[in-house]
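Read through the structure below, which is laid out as structure tokens, and then see the notes.
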Amino acid sequence: MLEKPYHDRDGHIWVDGSFVDWRDANIHLLTHSLHYGSAVFEGDRAYDGKIFRLTNHSARLKRSAEHLGYEIPYSVEEIDQACLDALAKSGLGDAYVRPVAWRGSEMMGVASKNNVIHLAVATWHWGNYFPDKMKGIRLMISDWKRPAPDTIPCKSKAAGLYMICTLAKDKAAATGWDDALMYDYRGRVAECTGAHIFFVRDGELHTPTNDILLEGITYDTVIKLAEKRGITVHRRDIYPSEISHFEQCFVVGTAAEVTPVREI
């Protein structure tokens, strides 16, 4: 069953400092970021009315824009408050919160410096990213690789960087898999289309070196929780030949939360 289209829902969205009706939260067709992929966004999760590590998400949103050469005209504290206001306005306790910033429609060439920067926050109910996730998901190996750090601003959570993730995710779905595991430009294990990956062997965790990947907030939380419990975490280069030698695997992310993997 298809979910209700996101443009046709009841509620309100915070846009540039005030709330507008959900269906009226629109941008112009000739918006710069729509054409050139320079929107930046966050995915926050609220549990029982509290947004998990909200300030970390808001600060990363600011950094993402800076990596792309622009400044969001709101402080981290103001972004935090916009997210809290949007959550309160929604009336939801458990929710997904999506702040997004973008370049406006003042210029349409590749050059961007005269475009006004906008910010919006939408909130909706979003259950498990993977249906029946505790059964464990199945991963195929993606044809696409994560690019080298001198080819993209890899530390930005930018819309344009998700193009190959969508291609990989769609192929996985079309061929009977839940998601795709991507290697990087050097052939190392990198991440899934929207989640970091951990492996387990002899009671210790192994996770890919994070030199080209987004600074994951759930990823950081898992590492901190493991270390607090005395579990050794190895952040290192992992190559495909090693995968079959691990005992367990799971993926983590704000949308995916913590999801076990049963097959690669």
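The values are calculated or read from the model by the stated rules, or taken from the named source; none is laboratory data. This structure is a prediction, so every number in the text was calculated from the model and none was measured. So basically every Cβ, Gly included, is an ideal-geometry build from the backbone, and we count neighbours across all protein chains shown. Ligands, DNA and RNA are excluded from the accessible area calculation, which covers all protein heavy atoms including side chains. Shrake-Rupley method; radii C 1.70, N 1.55, O 1.52, S 1.80 Å.
Name the residue, out of LYS171, LYS157, that is surrounded by 20 or more Cβ atoms within 10 Å (Cβ to Cβ) and touching an Asp or Glu at 6+ places or on another chain (Cβ under 8 Å). Spell out the reasoning first.
Working: LYS171 fails: surrounded by 20 or more Cβ atoms within 10 Å (Cβ to Cβ).
Residue meeting the stated conditions: LYS157.
Can you name the number of the only condition in (1) under 18 Å from the mean Cα position of the chain (by Cα); (2) part of a loop (DSSP other than H, G, I, E, B); (3) more than 30 Å from LYS50 (Cα to Cα); (4) in contact (Cβ under 8 Å) with a residue 40 or more places away in the chain that MET163 fails?
(2)
Any residue in the range 30-46 that is surrounded by fewer than 16 Cβ atoms within 10 Å (Cβ to Cβ) and within 22 Å of LYS89 (Cα to Cα)?
The answer is no; no qualifying residue exists.
How many residues are modelled with pLDDT of 95 or more, open to solvent by 50 Å² or more (accessible area, probe 1.4 Å) and within 11 Å of TYR70 (Cβ to Cβ) if we restrict to the range 86-117?
Final tally of qualifying residues: 1.
Given the criterion modelled with pLDDT of 95 or more, among the β-branched types (Val, Ile, Thr), open to solvent by less than 30 Å² (accessible area, probe 1.4 Å) and assigned to a strand (DSSP E or B), identify the matching residue among VAL222, VAL258, VAL251.
So the residue among VAL222, VAL258, VAL251 that is modelled with pLDDT of 95 or more, among the β-branched types (Val, Ile, Thr), open to solvent by less than 30 Å² (accessible area, probe 1.4 Å) and assigned to a strand (DSSP E or B) is VAL251.
For the range 29-37, indicate whether the set of residues that are free of Cβ contacts under 8 Å to residues at least 12 places away in the same chain and more than 19 Å from the chain's Cα centre (by Cα) is non-empty. Outline the logic, then answer.
The initial filter retains those residues of the range 29-37 that are free of Cβ contacts under 8 Å to residues at least 12 places away in the same chain, namely 29.
Still in the list and also more than 19 Å from the chain's Cα centre (by Cα): 29.
Among the residues of the range 29-37, at least one is free of Cβ contacts under 8 Å to residues at least 12 places away in the same chain and more than 19 Å from the chain's Cα centre (by Cα), which makes the answer yes.
If you check ALA172 against the conditions, is it at pLDDT below 95 and either out of contact with any helix residue (DSSP H, G or I) (no Cβ under 8 Å at 6 or more places or on another chain) or of a type in the set (Val, Ile, Thr) (or both)?
Working: at pLDDT below 95: no; either out of contact with any helix residue (DSSP H, G or I) (no Cβ under 8 Å at 6 or more places or on another chain) or of a type in the set (Val, Ile, Thr) (or both): yes.
For ALA172, the condition - at pLDDT below 95 and either out of contact with any helix residue (DSSP H, G or I) (no Cβ under 8 Å at 6 or more places or on another chain) or of a type in the set (Val, Ile, Thr) (or both) - is not met.
Taking the range 118-148, which residues are in contact with a Gly (Cβ under 9 Å, 6 or more places away or on another chain) and either among the aliphatic types (A, V, I, L, M) or open to solvent by 90 Å² or more (accessible area, probe 1.4 Å) (or both)?
Result: LEU119, ALA122, MET140, LYS145.
Only one residue in VAL110, VAL116, VAL121 is closer than 30 Å to GLY49 by Cβ and of a type outside the set (S, T, N, Q), so which one is that?
The unique qualifying residue is VAL121.
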